[in-house]
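Worksheet for the structure shown next.
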Amino acid sequence: MMKRYFFFFSLATALLGCVDNSSSDPQCPGDPSCICDINFENCDYCGDHVCGDLESCTLCEEDCGVCGECGDGTCNLGQESCVNCPSDCGICGECGDGICYEGETCEECPEDCGLCPTGCGDGFCAADEDCHGCTEDCGECPASCGNGRCDAEENCNLCPEECGACPRDCGDSYCIPEDGENCNSCPQDCGPCYEGDGCEVHPGPGCTDCSCVNCVCALDPTCCLADWDAHCAALCSSACLEGCTDFCGDGVCAGEESCVTCSADCGLCVPQCGDGQCNGDEHCGTCPDDCGACAAEDGCLPHPTPGCTSCNCFEAVCAEDPYCCTGEWDGTCVQRCLATGEVCPDPCGNGLCEPQAGENCRLCPADCAPCDRCGDGICGPFEYPEGCTEDCGEAPANCTDDLCVAGEGENCFSCPDDCSPCAVQDPCAESVLPGVGDAVVQNCVCARDPYCCSVRWDSRCVAMATSFCYVECGGPDCGDGECAGGEDCTLCPVDCGACGLCGDGVCSGGETCLSCPPDCGYCAFCGDGICNVDREENCESCPDDCGPCYQCGNGSCQWALGETNENCPADCLCGDGYCFLEAGENSFICPVDCFCGDGLCEPLAGENTVLCPLDNCPTEL
């Protein structure tokens with residue numbers, strides 16, 4: 001073995017001794033074989049059998065091969081072209097063929113080579129030119145430039161310091177507000193401004209029959225992007241000196257304005273029965289002409305119309321929750337009615353199968369028999385929301401979109417196409433998994449309480465299975481009339497009585513709209529954190545839920561909508577006692593903050609050491 005190791009060691013030593021450690025590669029730059037760029041930063045080595053980016057057949061025939069000749073059928077780029085070798089490269093095209101061939105220029109052929117770079121003196125006032133730097137193209141600056149406003153005769157070329165810089169990409173068919181494009185600055189991309197007066201509110205951006213559009217949209221670009229609202233009209237009249245009279249938003253209710261046409265000036269209309277609007281203190285009992293007639297129902301069950309004529313709780317519920325007497329009598333209204341002590345009759349025996357009252361063919365055969373049919377109050381094994389809404393409820397609207405959204409009522413029972421299959425497990429045992437896999441039990445339970453098929457199968461799901469869905473979970477003594485031996489309402493309701501269950505259609509046993517919406521209805525009142533449009537909540541009637549009507553943070557002080565420097569100092573700097581020139585305030589826009597004596601020199605407002613010595617203007621001004 002030692003001899004074998006010695007042989008390999010000797011062989012390796014001999015081989016290593018034959019290696020020349022000196023490098024044969026040239027040192028670039030400097031070596032004659034190096035082909036480098038003009039800065040000698042990148043080099044190719046002629047002779048490495050690779051035709052590099054800097055090499056050609058002329059500079060390195062060894063790597064790139066022999067250069068071709070005109071007439072060999074190959075257009076050798078870098079040497080030949082349609083000009084010096086049309087036999088290999090083809091005949092150069094004519095101007096207008098869409099290709100800027102060698103010999104064509106932007107002056108001789110702009111169709112192929114594009115327009116030549118513009119410059120001052122070309123007769124076109126480009127986006128990067130203005131009246132200060134290029135009067136040849138843009139004309140003289142208007143005399144009004146410098147008064148602090150973007151007046152009608154000014155624009156981004158004539159007075160960029162007041163009107164802002166011109167959009168650089170105007171004309172590319174894309175309206176990009178971030179680049180300053182709007183109906184006034186770039187109508188070819190954003191569309192024309194609204195044909196209307198700037199003193200009036202109108203449903204469209206800007207105004208064409210006005211002289212204030214430049215000024216207004218320089219102060220608030222949204223006025224030339226969205227509707228011309230009361231704030232825009234107010235800017236037009238005040239800061240931009242349009243001279244408007246009797247316009248909506250001026251704070252004076254005059255002319256043809258009314259509470260209907262201009263609530264900003266005239267306030268909200270005073271409710272009057274017969275005006276066609278159910279508002280104020282009106283409800284179905286006090287003004288059926290506006291609110292509709294009250295329902296001829298008791299207050300014990302939900303119904304889609306307001307009020308109840310066969311109940312004793314009407315006045316109390318209407319005072320606590322007006323929506324119950326102006327909109328509909330929903331589950332929340334039922335809860336409020338029962339809380340007053342309303343005595344509700346047993347619905348069983350009235351000839352109507354009412355699942356919403358907890359009836360089904362098992363609990364109330366007088367109304368709901370026979371079983372095993374759509375309309376028996378139980379969602380049977382072959383019934384689903386798509387085919388039997390009476391027993392199984394409404395099918396989710398977006399089922400089959402491959403997204404399982406529990407908030408939309410989707411679960412393994414109501415939407416198996418989107419949600420994972422329900423678990424196969426014992427319906428008498430609690431589980432952290434939803435469903436049980438047995439269609440008979442699962443459909444019946446989950447139609448009453450979707451939680452059992454969307455979250456987990458808990459004790460309440462077991463109780464519903466035994467109470468309503470024919471499942472026997474008790475021991476051999478269940479049914480003897482005695483609640484004993486570990487029996488309870490969950491496992492043996494026949495002996496121990498039914499548990500108070502969410503989903504039984506009756507709001508009882510401490511259930512509320514928060515703990516059991518299926519029985520008690522969903523809470524809906526101003527202050528619940530939800531802007532409920534169905535209950536006519538909006539930014540005016542319920543700002544706690546819907547937020548303020550104005551948009552704090554959009555850079556525009558919407559004082560006509562209630563925005564002030566107190567509730568939104570980010571937008572409404574004017575009026576806070578400080579003149580912020582860098583935020584756009586000046587003596588024209590905000591004279592309450594900016595004036596001679598505020599300590600800030602405003603040359604654009606005419607302040608200087610002579611006219612306003614209190615503001616410390618430099619002597620040279």
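Which one is modelled with the highest pLDDT, of the residues in region 158-207 that are among the hydroxyl-bearing types (Ser, Thr, Tyr) and either open to solvent by 70 Å² or more (accessible area, probe 1.4 Å) or in contact with a Phe, Trp or Tyr (Cβ under 6 Å, 6 or more places away or on another chain) (or both)? Residue satisfying both the conditions and the ranking: Tyr194. All conditions but one from (1) out of contact with any Gly (no Cβ under 7 Å at 6 or more places or on another chain); (2) touching a residue at least 40 places away in the same chain (Cβ under 8 Å) apply to Ser258; the one that does not is (2).
Taken over region 129-153, the residue count meeting the criterion of being small (Gly, Ala, Ser) and free of Cβ contacts under 8 Å to residues at least 24 places away in the same chain is 4.
Scanning region 453-470 for residues that are within 33 Å of the chain's Cα centre (by Cα) and buried (at least 21 other Cβ atoms within 10 Å of the Cβ) gives Cys453, Ser454. Scanning region 408-420 for residues that are out of contact with any Pro (no Cβ under 7 Å at 6 or more places or on another chain) and surrounded by 17 or more Cβ atoms within 10 Å (Cβ to Cβ), which turns out farthest from Asn443 (Cα to Cα)? Within region 408-420, the match that is farthest from Asn443 (Cα to Cα) is Asp418. Among the conditions (1) closer than 25 Å to Phe468 by Cα; (2) open to solvent by 40 Å² or more (accessible area, probe 1.4 Å), Val405 misses just one, which is (1). Restricting the search to helices (runs of 4 or more DSSP H) fully inside region 408-494 and requiring at least 1 residues that are in contact with a Ser or Thr (Cβ under 6 Å, 6 or more places away or on another chain) gives 459-468. Of everything in region 421-438 that is under 12 Å from Ser454 (Cα atoms) and in contact with a Gly (Cβ under 9 Å, 6 or more places away or on another chain), the residue that is most open to solvent (accessible area, probe 1.4 Å) is Pro421. One residue alone among Cys308, Cys278, Cys325 is closer than 23 Å to Pro345 by Cβ, out of contact with any strand residue (DSSP E or B) (no Cβ under 7 Å at 6 or more places or on another chain) and open to solvent by less than 50 Å² (accessible area, probe 1.4 Å), and that residue is Cys325. Does region 376-396 contain at least one residue that is buried (at least 21 other Cβ atoms within 10 Å of the Cβ) and in a helix (DSSP H, G or I)? Looking for residues that are buried (at least 21 other Cβ atoms within 10 Å of the Cβ) and in a helix (DSSP H, G or I), one finds at least one in region 376-396, hence yes. The listed residues are Thr332, Thr326, and the only one of them that is in contact with a Gly (Cβ under 8 Å, 6 or more places away or on another chain) and under 18 Å from Ala295 (Cα atoms) turns out to be Thr332. Could you give me the residue pairs with C-beta distances under 8 Å whose first residue belongs to region 321-344 and is more than 10 Å from Leu301 (Cα to Cα) and in contact (Cβ under 8 Å) with a residue 12 or more places away in the chain, whose second residue is of a type in the set (S, T, N, Q) and buried (at least 21 other Cβ atoms within 10 Å of the Cβ) wherever it lies, and which are 6+ apart or on separate chains? From residues that are more than 10 Å from Leu301 (Cα to Cα) and in contact (Cβ under 8 Å) with a residue 12 or more places away in the chain, the pairs are Asp321/Thr332; Cys324/Thr332. The selection criterion, being over 28 Å from Leu301 (Cβ atoms) and β-branched (Val, Ile, Thr), does not hold for Val462. Of the residues in region 176-198, none is in contact with an Asp or Glu (Cβ under 9 Å, 6 or more places away or on another chain), within 22 Å of Ala254 (Cβ to Cβ) and not in a loop (DSSP other than H, G, I, E, B).
Residue by residue, here is whether (1) loosely packed, with under 15 Cβ neighbours inside 10 Å; (2) modelled with pLDDT of 70 or more holds:
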| position | (1), (2) |
| --- | --- |
| Ile38 | yes, no |
| Tyr45 | no, yes |
| Asp48 | no, yes |
| Gly52 | no, yes |
| Asp72 | yes, yes |
| Leu77 | yes, no |
| Cys100 | no, no |
| Gly103 | yes, no |
| Ala127 | no, no |
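Taking first residues from region 288-310 that are assigned to a helix (DSSP H, G or I) and partners that are surrounded by 18 or more Cβ atoms within 10 Å (Cβ to Cβ), the Cβ contacts under 6 Å between residues at least 6 apart in sequence or on separate chains come to Asp290/Cys278; Asp290/Glu282; Cys291/Cys278; Cys291/Glu282; Cys291/His283; Cys291/Cys284; Cys291/Thr326. Once region 495-510 is narrowed to residues that are in contact with a Ser or Thr (Cβ under 7 Å, 6 or more places away or on another chain) and surrounded by fewer than 18 Cβ atoms within 10 Å (Cβ to Cβ), the residue that is modelled with the highest pLDDT is Ala498.
The values are calculated or read from the model by the stated rules, or taken from the named source; none is laboratory data. Computed from a prediction, not measured in an experiment: that's the story for all the values here. All Cβ positions, glycine included, derive from the backbone under ideal geometry; neighbour counts span all protein chains shown. In case anyone asks, the SASA skips ligands and DNA or RNA and just uses the protein heavy atoms, side chains included. Shrake-Rupley method; radii C 1.70, N 1.55, O 1.52, S 1.80 Å.
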